[in-house]
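Student: Dropping a structure here in structure tokens format, bear with me for questions.
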Amino acid sequence: MRQLTILLLTLLPSLTLALDGKVISISDGDTLTLLTTSREQVKIRLAEIDTPEKAQPYGQKAKQALSNMVFQKNVKAEIQTKDKYGRSIAHIYLGETWINAELVKQGAAWVYDHYSDSKELKQYESEAKAEKRGIWTLPTAQQVPPWEWRRNKKATAQAKSKPDYKHAFACGNKKYCKQMTSCEEAKFYLNQCNLFRLDRDKDGVPCESLCR
């Protein structure tokens, strides 16, 4: 049975696979682990929605909302595809209750516009926002969709990882390319110290031997 499950998952997204099982773990507001009836553990990311990251405002409450609904309960997962992390993307049902939609109704999740064209989910989101449920009770500045929050966090991390050459170097007595230790230092002397002799052919690139 294990081999069959793996084979079916590899066929996605050409095939929608329905799995029954018990929810044994909640990672965050839109991710859980299902223990199937064949005793296989499947990591599932809820389809078409996105809940606040755990470090975001309302992130822990979104996780608790999902836990309150499905933890240690038997559910059905209708798996649509797999994501780049190997998680199964699915709609989750507890009896007749569509859990993905319930999170949106409660204001615990955004509709993930990039991956959803569901008018039904958008209607639920509009109602939750109008009635100020969940995330929609937060100050406007904190109502940041998780995909934007992740993008901003990544951009900040990348900016911090880039060397600040303005502070790494200082204009000194160096005058020639042979005195430069790197292309970055040569660029600093050219652009910050106006040492134009480093750019002999005036193409904006100093010290060709270092920067080519």
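The values are calculated or read from the model by the stated rules, or taken from the named source; none is laboratory data. Values in this document were obtained by computation on a predicted structure and should not be read as measured data. For neighbour counting, all protein chains shown are included, and Cβ atoms are generated from backbone atoms with ideal geometry for every residue, glycine included. Heads up: the accessible areas ignore ligands, DNA and RNA and are worked out on the full protein's heavy atoms, side chains in. Shrake-Rupley method; radii C 1.70, N 1.55, O 1.52, S 1.80 Å.
Student: Could you tell me how many degrees, from 0 to 90 and to the nearest 10, lie between the Cα long axis of helix 119-130 and the main elongation axis, the longest principal axis, of the Cα atoms of the chain?
Tutor: Result, in degrees: 80.
Student: Can you tell me which of 27-34, 187-194, 202-209 comes out highest on packing, and rank the rest after it, using the mean Cβ neighbours within 10 Å?
Tutor: Going by the mean number of other Cβ atoms within 10 Å, highest first, we get 27-34, 187-194, 202-209.
Student: Hey, another quick one. Mind giving me the nanometre distance, one decimal, between the label points for R197 and A157, set 7 Å out from Cα along Cα→Cβ?
Tutor: It is 4.5 nm.
Student: Which of the pairs K54/K153; K174/K202; K22/K43; K61/K153; K22/K154 have their Cα atoms more than 23 Å apart in this structure?
Tutor: Beyond 23 Å between Cα atoms: K22/K154.
Student: If we sort 104-111, 141-148, 50-57 on the protection proxy, mean other Cβ atoms within 10 Å, highest first, what's the order?
Tutor: 104-111, 50-57, 141-148
Student: While we're looking at this one, here's another question. Quick one: go through region 88-114 and flag any residue whose amide nitrogen is under 13 Å from the point 7 Å out along the Cα-to-Cβ line of L138.
Tutor: Residues passing the 13 Å test: 107-111.
Student: Which whole-number value in Å³ per residue fits the convex hull of the alpha carbons of the chain?
Tutor: Considering the Cα atoms of the chain, their hull volume per residue is 204 Å³.
Student: With a probe of 1.4 Å, find how much accessible area the chain has per residue, and write the answer as a whole number in Å².
Tutor: Accessible area per residue, the chain: 60 Å².
Student: I've got another one for you. Which of Q106, M69, Q179 sits farthest toward the positive end of the charge dipole of the chain, with +1 on the Cβ of Lys and Arg and -1 on the Cβ of Asp and Glu?
Tutor: Comparing the listed Cα positions along the dipole, Q179 ranks first.
Student: So how do T81, T37 rank on accessible area, 1.4 Å probe, biggest first, that is with the largest at the start?
Tutor: T37, T81
Student: Relative to the longest principal Cα axis of the chain, at what angle does helix 59-70 sit, 0 to 90 degrees, rounded to 10?
Tutor: 20 degrees
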